[in-house]
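Single-structure report; data block below.
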Amino acid sequence: MPQSFSANLDPAVRFGDRLIASDQFHALFKDGMDLVGAAAAYLDGEGRRQAQALPRPAALAYAVESMRLTTRLMQIASWLLLQRAVNEGELTRAEAASDKRRIRLSRQDAAAEEAALRDLPRDLCELVEASLRVQARIRRLDVMLHEDARPAGVAELRGPVASQLAALEAAFRPAGR
């Protein structure tokens, strides 16, 4: 008896895993880590000098935005290093998923009022904008990785009845599945 067509197919290709191992990821890794280095150099050097010359409200906004920038970049660096460790076989995807729970990739807009932001040094504003762009790229990639991690045929449920639908699906699932 001949095998069915579906029995000859390879398992599904995990797009997120392929993307993480691609040249695009390596470029993102370089961009992210270069941004971390550039921000550190700026905040420890020219940024410190620029902040001292700011009026009090702008100096406060500078302090808040530089702390938010630093936090965002540390989260970006953590995520990038975690994915690289998976690529290099230092961690399994499951170990990385466990460690990733501590990394917050939520989008942050500027915390300071718009008037105070206008008084901030352009260099700081450019670093903030660049960090938000890199973070957005990472967040999209992270979503792809999580979608790939779901079992085949399981769609992400959203909305107020999601838990009831999941319970119904579980109740009618054949035993052993």
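The values are calculated or read from the model by the stated rules, or taken from the named source; none is laboratory data. Worth saying up front: this structure is predicted, and the values here are computed from it rather than measured. Note: ideal-geometry Cβ built from the backbone for every residue, glycine included; neighbour counts use all protein chains shown. In case anyone asks, the SASA skips ligands and DNA or RNA and just uses the protein heavy atoms, side chains included. Shrake-Rupley method; radii C 1.70, N 1.55, O 1.52, S 1.80 Å.
Quick notes on this structure:
- Residue check for Ala97: modelled with pLDDT under 95, farther than 30 Å from Pro121 by Cα and among the small types (Gly, Ala, Ser): yes
- Condition met for Arg68 (touching a residue at least 40 places away in the same chain (Cβ under 8 Å) and either open to solvent by less than 60 Å² (accessible area, probe 1.4 Å) or under 18 Å from Ala130 (Cα atoms) (or both)): yes
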